[in-house]
Amino acid sequence: MSNIIGSVSTSHIPAIGAAIARGVTEEAYWKPFFDAFPPARTWLTARKPDVVVVVYNDHGLNFFLDKMPTFAIGAAAEYRSEDEGWGIPPQKATRGIPELSWAIIEQVVEDEFDVTTCQEMLVDHACTVPLQLLWPEGWDDIRIVPVAINTVQHPLPSAARCLKFGQSIGKALRAYKEDLNILVASTGGLSHQLEGERAGFLNPHFDDLCLNALINKPELLTKYTTHEIVELAGSQGAEILNWIVGRGVMGGEAREVLRNYHIPISNTAAALQVLEPV
Ligand code: DHB
Ligand code: FE
């Protein structure tokens, strides 16, 4: 049986990848954001994860608006990254764990989630930037299961459905035959809107509400419709759905190990939250 060691949820803003590539993480603009990560890495090192379930949204690299699965799960032996237009360097391919991916797929389909299964899958900044933040020296020892949620093209899956989807993934992980330490990494958010009249919109009050609810009351977030979430968090703030899925994966009671909230990084309220099961 596998062991879910906890979750690390973080923003995935491409400018973070650019700051790493340019070596400017110690500059005043970036320092308050990057300074949150060494304690998260210390926590992570002590818990020795073998596998990371990365819950993220694709931004037009692997899927585009013409074909947009609500939920997609990678089942590949490796995942290459490419730059979908932000100018950040692609990262070394990340190893997959197809057997675990298929065990998850079997479970979620049994639980009536009709997922898209991807035996080839490119991963974008929403998957690679968090890996860079957590493993700055590289992540060759880690295998991943990418889980892509449609937070981009409406209709989006409801927060309630996202929580249940995560719970179904968690069931598969706990039942998995091999003893693996599994980390859930949810990416995106928090509040942000990149386009239109409300470009630059941030909502620290709603972000705080989300961070608090995610610890032990994620169901509070399921009372919001996806349109209400867009209104409260901004159009790309709907990426909070990834965090809700991730919280469902972990399940049970949790303790907040650490939190950092810093606005803005680029156009986004940047946050980091580490939870572990109690
Ligand atoms: C930004 C944030 C995102 O979540 C993203 O995917 C792209 C850009 C930003 O704030 O620049
Ligand atoms: Fe994004």
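Coordinate-derived values only; no laboratory data. Predicted model, so just to flag it, every value in this text is computed and none were measured. Note that we place each Cβ from the backbone using ideal geometry, even for glycine, and neighbour counts take in every protein chain shown.
Other residues whose C-beta falls under 11 angstrom from the C-beta of THR25 contribute a net charge of -1, scoring Lys and Arg +1 and Asp and Glu -1.
The local environment of ILE4, defined by Cβ-Cβ distances under 14 Å, has a net charge of +1 under the rule Lys, Arg +1 and Asp, Glu -1. Checking the cross-link pairs LYS92/LYS171; LYS48/LYS177; LYS171/LYS217; LYS31/LYS92 against a 22 Å limit on the alpha carbon distance flags LYS92/LYS171; LYS31/LYS92 as lying beyond it.
Karplus-derived 3J(HN,Hα) values for region 251-259, using 6.51 cos²θ - 1.76 cosθ + 1.60 with θ = phi - 60°, are x, x, 8, 10, 10, 7, 7, 7, 9 Hz; glycine and proline are entered as x. DSSP assigns beta bridges within the chain; of those with both partners inside it, close to 45 percent run antiparallel.
Determine, from the Cβ-Cβ distance of ARG41 and HIS205 and an R0 of 35 Å, the FRET efficiency 1/(1 + (r/R0)^6), rounded to the nearest 0.05. E between ARG41 and HIS205, to the nearest 0.05, is 0.75. Distance from the alpha carbon centroid of region 135-176 to that of region 192-259 works out to 15 angstrom. If only the Cβ of Lys and Arg carry +1 and only the Cβ of Asp and Glu carry -1, the dipole of the chain around its Cα centre is close to 540 debye.
With R₀ fixed at 35 Å, the C-beta to C-beta distance from ARG174 to GLU197 puts the FRET efficiency at about 0.20.
Using the Cβ-Cβ distance between LYS92 and VAL24 with R0 = 25 Å, the FRET efficiency computed as 1/(1 + (r/R0)^6) comes to roughly 0.70.
Net charge near ILE229: determine it from the other residues with C-beta under 11 Å of the C-beta of ILE229, scoring Lys and Arg +1 and Asp and Glu -1. Combined, the nearby Lys, Arg, Asp and Glu give -2. Applying a DSSP loop filter and a limit of 15 other Cβ atoms within 10 Å to the GluC sites (Glu not before Pro) in region 43-128 leaves GLU82, GLU112, GLU120. Of the chymotrypsin sites (Phe, Trp or Tyr not before Pro) in region 63-109, the ones in a loop by DSSP (not H, G, I, E or B) with at most 15 other beta carbons within 10 Å are TRP86. Equivalent ellipsoid of the chain: semi-axes from √(5λ) of the C-alpha gyration tensor, largest first, are 24, 21, 19 Å. Modelled label positions at GLU137 and GLU112, each set 7 Å beyond Cα in the direction of Cβ, lie 4.8 nm from each other.
Restricting the chymotrypsin sites (Phe, Trp or Tyr not before Pro) of region 121-201 to loop positions (DSSP other than H, G, I, E, B) with no more than 14 neighbouring Cβ atoms within 10 Å leaves nothing.
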